[in-house]
Every structure is written in structure tokens, then in C-alpha cells.
Amino acid sequence: TEGRSNANGTVTLTAGTTTTTVTKSTINANAGVFLSPKTANAAAALATTYVNVAAAGGSFVITHANNAQTDRTFSYLVNGG
């Protein structure tokens with residue numbers, strides 16, 4: 001379909017821990033991952049949230065603050081690589 005990609009998705013940060021892992025075959029070690037908040041709590045978490053792409057590809061790990069919120073939801077886009 002025009003204007004669409006299979007290199008995107010939605011992820012909710014895991015409550016009660018400092019990392020959330022996303023596994024997707026379209027991710028390689030040189031990819032850039034971009035997050036866009038979909039909720040107010042996700043927007044508030046941006047300052048303490050960042051992405052590391054696995055050296056072998058196939059996944060990325062989001063490092064974030066540990067709290068009990070269950071609605072820190074982001075859209076993500078995987079680009080290039």
C-alpha cells in the first residue's frame with residue numbers, strides 16, 4: 001500500500017522495570033529507531049527514555065525510568081540500516 005511500511009509499530013513501556021525490548025525482523029544493527037508518544041505519560045517520559053539497537057539486529061531495547069504507569073505508549077519507526 002502506498003505510503004506504508006512494515007518497519008513501524010506500537011510499544012508500551014514495561015511497568016516496574018527500566019527496559020522494554022521490541023523484537024522485529026525488520027531491525028538491523030545500523031537502523032535508527034524513532035519514538036513518538038501516543039499518551040500524556042509517554043510524552044512525560046521522553047526526557048528519560050532512549051533506544052539502543054541490538055548489535056546483531058532483530059531487536060531494540062528502550063531504556064526508561066522505572067515506575068508503575070501502564071500507559072506509556074509510543075509509536076515507533078525503524079529507519080535505514
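The values are calculated or read from the model by the stated rules, or taken from the named source; none is laboratory data. Source: prediction; values computed, not measured. SASA here: full protein model, heavy atoms, side chains in, ligands and nucleic acids out. Shrake-Rupley method; radii C 1.70, N 1.55, O 1.52, S 1.80 Å.
Data for the structure
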{"item": "Filter result for the condition that a residue is at pLDDT 90 or above, β-branched (Val, Ile, Thr) and open to solvent by 60 Å² or more (accessible area, probe 1.4 Å), over 63, 17, 1, 48", "result": "48"}
{"item": "Qualifying residue in region 4-11 (condition: open to solvent by 50 Å² or more (accessible area, probe 1.4 Å) and outside any loop (DSSP other than H, G, I, E, B))", "result": "yes"}
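This table checks each residue for (1) modelled with pLDDT of 95 or more; (2) open to solvent by less than 20 Å² (accessible area, probe 1.4 Å); (3) on the phi < 0 side of the Ramachandran plot.
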| residue | (1), (2), (3) |
| --- | --- |
| 26 | no, no, yes |
| 33 | no, no, yes |
| 38 | yes, no, yes |
| 44 | yes, no, yes |
| 55 | no, no, yes |
| 58 | no, no, no |
| 68 | yes, no, yes |
| 75 | yes, no, yes |
| 80 | no, no, no |
